[in-house]
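This report refers to the structure that appears directly beneath it.
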Amino acid sequence: MSQVAISSAALGRKLRQFLNTQIIPNEGILAQGDNLARELTLDLTRRAQQAGLFGSFYPLHRGGRFGSLVDYLSVAEQEGRSEYGPGIFGADATLDAYMLSQHGSASVKQRFLTPLLKGDAVSSYAMSEPDSIGSIPATMQCQAHLQDGKWHINGRKWFICRAQVASFATVVARSSDGPIDQSLSMIVVPSDAQGFKLVRPISLLGRYQGQNELSFHHVQVPQDYVLGQAGQGIALMQKRLALGRVLRSVQWLGLAQRSFEIMCERIHSERGQMARLADKQLVRARVYTVYRAISAARCLLREAALKFDAGLPNAVEVNVAKLAVSDALSQAADSAIQIMGAEGLADWSPLSGIYRAARTTHILDGADDALISTVGKHLLQAQYAIQEETDMNKAIA
Ligand SMILES: Cc1cc2nc3c(=O)[nH]c(=O)nc-3n(C[C@H](O)[C@H](O)[C@H](O)COP(=O)(O)OP(=O)(O)OC[C@H]3O[C@@H](n4cnc5c(N)ncnc54)[C@H](O)[C@@H]3O)c2cc1C
């Protein structure tokens, strides 16, 4: 085993221990989303930092521990075993840490990136809108125009994670007319900018999970708060997705694995033994099906991460892996609830939150149907190209 593999295994064990002893027992409080939950999150974040468990996959030159996504996967899975782990371990900020580090100006790095890496700031990403189709960026309405060295931003965004506590949002806006791949820009907007309004929290499936609606009314920010070049928004969105979908999916895999463990624990428990659950074929079939779904999804994620590390195009691998993880998580949460009986449905059970989260994964970060359609299109194009080449070779021979 290589040195990195040993240290990621050791870090994964430490994280698991921290999560089991300090986060999971507090999940009931953290789920409330109130001031007490916020204070506790902050306190647990500080403890995670002191234990060396924070920001494990931040860019290497900015304090991260891993230069390879594949090496980080097993650690990220542990971070994701609780819905609250990614926030407390700083993993929620990893994608923005990369985006700001690679595409931010000196002033963006100083004002937004530095506090983010220290855990002193929270980030959010504002793309989705009430009046546009999330799966079709060309329908985006939010406007940004440059005047006297400042971006002037107007528009609405919704379902924005963490915006209620974030100190800034990376806003995707239309900055010019013309083809979509030249007319969107990503602009960093501080939450205290005049005209930046938190309109309302949005509850999902009966519980507030940290999503919000925002509005921007004549918000002004300096010209160099744009990420990369103006008009590069689509290219940056693709970069975000190549890493972001893997990061999010591996955390969901953590929730799926935890659901599997809860299910097995119940089967072996006194109550499970009373009902002789381990002897029932339908129960064994559930264990098998969930295990297979999780293991297959883990392999697909690894394949996507290997290509990411090698700098190769990985859109198909990432999308297939994301779809597989969502299915694995939904199956795992549903089977665990079934085996737990009524207790699995109770709000005090972690499965109630996991089950809600599982449903959202089929829409968040790319709706299932849109991803399936895109993957099918790519696969057909690739097969067509192979077929054409074979036919051409036959004709030459
Ligand atoms: C928990 C959660 C957190 C979120 N966090 C954020 C955030 O932090 N920032 C942010 O900007 N957004 C966020 N979102 C929004 C999310 O990114 C969008 O919901 C997602 O991109 C889908 O866009 P949409 O909701 O507009 O659905 P649409 O794109 O309108 O799609 C609706 C449905 O239409 C169908 N459909 C669409 N395209 C196709 C196709 N090509 N083929 C077949 N069927 C299709 C599918 O059934 C799809 O589910 C979050 C959403 C959730 C649920």
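Worth pointing out:
- Of the residues screened, Ala275 is not one that is over 16 Å from Glu343 (Cβ atoms) and more than 14 Å from the chain's Cα centre (by Cα).
- The numbered conditions (1) in contact (Cβ under 8 Å) with a residue 12 or more places away in the chain; (2) more than 16 Å from the ligand (Cβ to nearest atom); (3) not assigned by TED's automatic domain parsing to the domain that holds Gly195 are all true for Thr114 except (1).
- Only a single item in (1) under 30 Å from Asp347 (Cα atoms); (2) surrounded by 15 or more Cβ atoms within 10 Å (Cβ to Cβ) is not met by Arg174, and it is number (1).
- All positions within segment 165-181 that are in contact with a Ser or Thr (Cβ under 9 Å, 6 or more places away or on another chain) and more than 10 Å from the ligand (Cβ to nearest atom): Val165, Ser167, Phe168, Ala173, Arg174, Ser175, Ser176, Asp177
- Considered as a group, the residues in segment 127-152 that are in a loop (DSSP other than H, G, I, E, B) and away from the ligand (no atom under 16 Å from the Cβ) include one that is farthest from Gly231 (Cα to Cα), and that residue is Asp148.
- Where helices (runs of 4 or more DSSP H) sit wholly within segment 319-397, those with at least 1 residues that are of a type in the set (D, E, K, R), within 13 Å of the ligand (Cβ to nearest atom) and surrounded by fewer than 21 Cβ atoms within 10 Å (Cβ to Cβ) occupy 350-360, 368-396.
- Whichever residue in segment 205-229 is at pLDDT 95 or above and hydroxyl-bearing (Ser, Thr, Tyr) and, among such residues, is nearest to the ligand (Cβ to nearest atom): Ser215
- Close pairs from segment 358-385: first touching a residue at least 12 places away in the same chain (Cβ under 8 Å), partner part of a loop (DSSP other than H, G, I, E, B) and polar (S, T, N, Q), Cβ under 8 Å, at least 6 apart: Gly366/Ser135; Ala367/Ser135; Ala370/Ser135
- Against the conditions (1) within 16 Å of the chain's Cα centre (by Cα); (2) more than 16 Å from the ligand (Cβ to nearest atom), Arg266 satisfies every one except (1).
- Checked against the criterion of being in a strand (DSSP E or B), of a type in the set (Gly, Ala, Ser), away from the ligand (no atom under 14 Å from the Cβ) and within 24 Å of the chain's Cα centre (by Cα), the candidates Ser185, Ser124 yield just one match: Ser185.
- Residue ID - surrounded by the fewest Cβ atoms within 10 Å (Cβ to Cβ), chosen from residues in segment 190-220 that are of a type in the set (A, V, I, L, M) and free of Cβ contacts under 8 Å to residues at least 40 places away in the same chain: Leu198
- Residue count for segment 38-79, restricted to those that are buried (at least 16 other Cβ atoms within 10 Å of the Cβ) and assigned to a helix (DSSP H, G or I): 18
The values are calculated or read from the model by the stated rules, or taken from the named source; none is laboratory data. As the structure is a computational prediction, the values presented were derived from the model and not from experiment. Methodologically, a virtual Cβ is constructed for each residue, glycine included, from the backbone with ideal geometry; neighbour enumeration extends over all protein chains shown.
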